[in-house]
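Worksheet for the structure shown next.
The values are calculated or read from the model by the stated rules, or taken from the named source; none is laboratory data. These numbers come from a predicted model, not from an experiment. Positions of Cβ are backbone-derived with ideal geometry, glycine not excepted, and every protein chain shown enters the neighbour counts.
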Amino acid sequence: MTVAAAYSKHRREDSLPLKAETAAMLKAFFAFKTPEATAFHVPDKTADMFRADLKAADIAYETGAGVLDFHSLRHTAGSLLA
């Protein structure tokens, strides 16, 4: 998958390798979308949405080890991928 420089964190074109199964799923997902369409709907208040999801799942936002937020999820995902 290629991310255009305008959307990349480092403002350069990035390429991300995908498993064949993941690529097939994304191809099917995007099959009926136009090139101008938004890929995924992301709400404006994602932090509020995430806290509501944590509450619904009975997961504490803040613990003695810190807080559970998008930033910590990103680091966890990176650690799992590594």
Cβ pairs under 6 Å, 6+ apart, first in region 3-16 and under 19 Å from Pro35 (Cβ atoms), second part of a helix (DSSP H, G or I): Glu13/Ala5
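Let's see how each residue does on (1) at pLDDT 90 or above; (2) of a type in the set (A, V, I, L, M); (3) surrounded by fewer than 10 Cβ atoms within 10 Å (Cβ to Cβ); (4) closer than 20 Å to Gly78 by Cβ:
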{"residue": "Pro17", "(1), (2), (3), (4)": "no, no, yes, yes"}
{"residue": "Glu21", "(1), (2), (3), (4)": "yes, no, yes, no"}
{"residue": "Met25", "(1), (2), (3), (4)": "yes, yes, no, no"}
{"residue": "Ala39", "(1), (2), (3), (4)": "no, yes, no, no"}
{"residue": "Lys45", "(1), (2), (3), (4)": "no, no, yes, no"}
{"residue": "Phe50", "(1), (2), (3), (4)": "no, no, no, yes"}
{"residue": "Ala56", "(1), (2), (3), (4)": "yes, yes, yes, no"}
{"residue": "Tyr61", "(1), (2), (3), (4)": "no, no, no, no"}
{"residue": "Gly64", "(1), (2), (3), (4)": "no, no, yes, no"}
Qualifying residues in region 1-15 (those that are surrounded by 10 or more Cβ atoms within 10 Å (Cβ to Cβ) and of a type in the set (Ser, Thr, Tyr)) - the one farthest from Gly78 (Cα to Cα): Tyr7
